[in-house]
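One structure is given here, and the rest of the page talks about it.
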Amino acid sequence: MHIIGGEGGCKLLRVVGARSHRLAMATPLSPDQLFARLDTLGIAYRTYEHAAVFTVAQAAALRGELPGGHCKSLFLKDRKGGLWLVVALEKRRIDLKRLADGLGAPRFSFGSPDLLYEVLGVRPGSVTPFALANDPDGRVAVVLDQGMLTCNPLNYHPLRNTLTTAIAPADLMRFIAVCGHRPRIVDFDALAVAP
């Protein structure tokens with residue numbers, strides 16, 4: 001396992017030790033397969049194990065002083081059937097109507113749990129940019145919070161909501177590119193004050 005520098009205590013979190021990883025990339029990937037892919041790419045990360053969390057509030061209560069940007073990921077479907085993964089800082093309020101308008105997309109709603117699993121191979125509570133590895137056909141358009149990318153490291157679930165993985169912003173961008181996606185970087189602060 002690669003370690004990203006930084007200090008910080010965590011409540012009820014423990015670092016997951018190095019394991020042997022299979023390189024086979026079956027869909028959907030398991031966390032171990034994801035870690036193997038990160039290792040193969042030379043991407044540094046640190047993973048913590050914890051109780052299952054399903055909301056931002058649950059994650060905040062559990063993590064203690066885990067350093068970095070803490071993020072949320074929204075799986076959205078637009079009115080014309082387009083699929084979107086929006087990844088932002090957890091405290092960011094996201095107005096779906098303004099976001100759709102800002103992206104020039106039809107009206108957004110949340111994608112169903114079945115569609116989420118079909119396309120990204122994860123269940124509700126585990127939505128993450130790491131799930132883009134399960135979307136080789138590029139069905140999902142990716143939107144990243146510009147402000148989020150100034151935090152280092154960034155924390156996401158690695159395909160399961162009983163784990164949190166920290167990764168540097170540049171490595172996140174490289175991972176997304178290797179998965180065949182080109183994210184749109186959005187200034188959510190400007191979007192919030194748009195007329």
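With the requirement that a residue be modelled with pLDDT under 50 and either surrounded by 18 or more Cβ atoms within 10 Å (Cβ to Cβ) or not charged (D, E, K, R) (or both), what does segment 17-40 give you?
Residues satisfying the conditions are GLY17, ALA18, SER20, HIS21, LEU23, ALA24, MET25, ALA26.
Taking into account only those residues within segment 60-86 that are under 25 Å from PHE108 (Cα atoms) and hydrophobic (A, V, I, L, M, F, W, C), which is modelled with the lowest pLDDT?
Looking at residues that are under 25 Å from PHE108 (Cα atoms) and hydrophobic (A, V, I, L, M, F, W, C), I get CYS71.
Tell me which of these HIS157 doesn't satisfy, since it passes every other one: (1) at pLDDT 95 or above; (2) within 24 Å of ALA36 (Cβ to Cβ).
Going through (1) at pLDDT 95 or above; (2) within 24 Å of ALA36 (Cβ to Cβ) one by one, HIS157 breaks only (1).
For segment 123-155: of the residues being part of a helix (DSSP H, G or I) and out of contact with any Gly (no Cβ under 9 Å at 6 or more places or on another chain), which is surrounded by the most Cβ atoms within 10 Å (Cβ to Cβ)?
Of all residues in segment 123-155, those part of a helix (DSSP H, G or I) come to 129-134, 148-150.
Filter once more, so that each one left must be out of contact with any Gly (no Cβ under 9 Å at 6 or more places or on another chain): 129-130.
On the way: PRO129: 24, PHE130: 29.
The extreme case among them is PHE130.
What are the pairs with Cβ atoms under 6 angstrom where one residue, in segment 36-60, is of a type in the set (A, V, I, L, M) and the other, located anywhere, is modelled with pLDDT of 85 or more? Sequence gap at least six, or different chains.
Partner pairs satisfying both residue conditions: LEU38/TYR45; ILE43/ASP171; ALA52/ASN161; ALA52/THR162; VAL53/ASN161; VAL56/LYS72; VAL56/GLU90.
What are the residues in segment 113-122 that are out of contact with any strand residue (DSSP E or B) (no Cβ under 8 Å at 6 or more places or on another chain) and either without any contact (Cβ under 8 Å) to a residue 12 or more places away in the chain or crowded, with 23+ Cβ neighbours inside 10 Å (or both), if any?
Listed by number, the residues that qualify are PRO113, ASP114, GLU118, VAL122.
If LEU99 passes every condition in (1) in a helix (DSSP H, G or I); (2) under 13 Å from the mean Cα position of the chain (by Cα) but one, which one does it miss?
(2) is the only condition that LEU99 fails.
May I ask you to say which residue of TYR156, TYR117 is closer than 22 Å to VAL53 by Cα, within 11 Å of the chain's Cα centre (by Cα) and of a type in the set (Phe, Trp, Tyr)?
TYR156
Would you check which residues across segment 41-59 are touching a strand residue (DSSP E or B) at 6+ places or on another chain (Cβ under 7 Å) and surrounded by fewer than 18 Cβ atoms within 10 Å (Cβ to Cβ) and list them?
GLU49, VAL56
Output the number of residues of segment 60-96 satisfying the condition of being over 27 Å from GLY138 (Cα atoms), exposed (fewer than 15 other Cβ atoms within 10 Å of the Cβ) and not charged (D, E, K, R).
Residues flagged as over 27 Å from GLY138 (Cα atoms), exposed (fewer than 15 other Cβ atoms within 10 Å of the Cβ) and not charged (D, E, K, R) within segment 60-96 amount to 3.
It is to be established whether one or more residues within segment 98-112 are among the basic types (Lys, Arg), surrounded by fewer than 21 Cβ atoms within 10 Å (Cβ to Cβ) and touching a residue at least 60 places away in the same chain (Cβ under 8 Å).
Within segment 98-112, the first condition is being among the basic types (Lys, Arg), and the residues that meet it are 98, 107.
Remaining after also requiring surrounded by fewer than 21 Cβ atoms within 10 Å (Cβ to Cβ): 98, 107.
Filter again for touching a residue at least 60 places away in the same chain (Cβ under 8 Å), leaving 98.
So far as segment 98-112 goes, yes, one or more of its residues are among the basic types (Lys, Arg), surrounded by fewer than 21 Cβ atoms within 10 Å (Cβ to Cβ) and touching a residue at least 60 places away in the same chain (Cβ under 8 Å).
Name the pairs whose Cβ atoms lie under 9 Å apart, with the first residue in segment 134-157 and among the hydroxyl-bearing types (Ser, Thr, Tyr), the second in a loop (DSSP other than H, G, I, E, B) and at pLDDT 95 or above, and 6 or more positions between them or separate chains?
TYR156/THR128
Could you check SER73 against (1) part of a helix (DSSP H, G or I); (2) closer than 21 Å to LEU38 by Cβ; (3) of a type in the set (Gly, Ala, Ser) and say which number it fails?
Unmet for SER73, out of (1) part of a helix (DSSP H, G or I); (2) closer than 21 Å to LEU38 by Cβ; (3) of a type in the set (Gly, Ala, Ser): (1).
The values are calculated or read from the model by the stated rules, or taken from the named source; none is laboratory data. Values in this document were obtained by computation on a predicted structure and should not be read as measured data. Backbone-built Cβ (ideal geometry, glycine too); neighbour counts: all protein chains shown.
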